[in-house]
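Some notes on the structure that comes next.
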Amino acid sequence: MTRDTCGYSFIQTSASLPAPEMQAIWPETAGLCLVCSEFTWQGVDVAANQDFDEERGESDLETFQMEIDKESGKWSIRTNNDKFWTLKTGGNSGLQATGSQSASPDAQFEIHWLGRQIAFQASNGRFVATKLNGQLAATADEISDACKFTFKLVNRPLLVLRGPHGFVAVGKGERLECHHADYGIFEMINNDGAYQLKGQDGKFWKMEGENNVAMSSEGGTDFLIELREHSKFCIRAPNDKYLRGEQNGQFRATGTEVNKETLWEY
């Protein structure tokens, strides 16, 4: 399976280029996430800290689709009934799951990445916080514990990563490299807001000397995922640096900013 830079995909069975009728659009899907402060529920009013039934587990009520606006870089949060989180104008600045337009300023939020947690900043400039009654409202001037939510990416159990120099795959000496023509497949395992990544051979990504990442059978390293663009995220290592791809294939935790070398298409 090959995908070109225009987003067209084809299955190549011969050396010749595919005819137009053999090409197809490869659909891209937005990130589905679980956002919880304890757990977030949907309704007309968006609320948190509801009692969670472990036997029931995670449901559509706690799962949201995050969609980025390419111009503003802000995010809209779509519910399972196809409505968006929206800042209620006037009154108590509460959040309601009633919006129908993701481009509406009141339905767009800036996301602040806080390690294993995130915070939402609404169009009024204030941060979304959990009130004592569980309702969410954009009333906080600063990020407090009441403004922090756990983020879990739930629709990417298997991961293929591509950067500007190629795919991420295992190279020499079990080290990960980022300039391969063939992709590696890795399983994402959530660990309380962080992720461990496991290869098909059962080995895990693990930090080693000189900030390299290698496959290890002795347990893995917890990495943090930060959604930054449509179908692209950054991976933050325990040294607080981003995994950065270099033209020579090096894949190391040396990045200090979000740019094309630290953004990974997934």
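Listed values, structure above:
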{"quantity": "16 Å reach of a label modelled at L132, 7 Å along Cα-to-Cβ, counting backbone N of region 139-176", "calculated": "146"}
{"quantity": "Above-threshold pairs, the threshold being 21 Å between Cα atoms, out of K88/K131; K148/K206; K70/K131; K172/K206; K88/K232", "calculated": "K148/K206; K70/K131; K88/K232"}
{"quantity": "Approximate spin-label separation S217-H112, in nm, with each point projected 7 Å along Cα-to-Cβ", "calculated": "4.5 nm"}
{"quantity": "Gain in span if fully extended, D201 to S100, counting 0.36 nm per residue against the direct Cα distance", "calculated": "31.9 nm"}
{"quantity": "Overall form of region 158-265 per C-alpha gyration tensor (a/c, 1.5; a/b vs b/c)", "calculated": "rounded"}
{"quantity": "Residues K152, K241 arranged by fewest to most Cβ contacts within 10 Å", "calculated": "K241, K152"}
{"quantity": "Unit charges on C-beta of K, R, D, E only; dipole of region 189-252, Debye", "calculated": "160 debye"}
{"quantity": "Estimated distance in nm for a label pair at N124 and D182, the labels positioned 7 Å out from Cα along Cα-to-Cβ", "calculated": "5.6 nm"}
{"quantity": "Quarter of the Cα convex hull surface for region 46-195, i.e. its orientation-mean projected area (nm²)", "calculated": "11.5 nm²"}
{"quantity": "Residues W113, W264 arranged by fewest to most Cβ contacts within 10 Å", "calculated": "W113, W264"}
{"quantity": "Full-extension gain in nm, N191 to K260, via 0.36 nm per residue minus C-alpha separation", "calculated": "22.1 nm"}
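Coordinate-derived values only; no laboratory data. Treat the numbers as computed from the prediction; the structure is a model and nothing was measured. Counting neighbours? That spans all protein chains shown, and the Cβs are built from the backbone with ideal geometry, glycine included.
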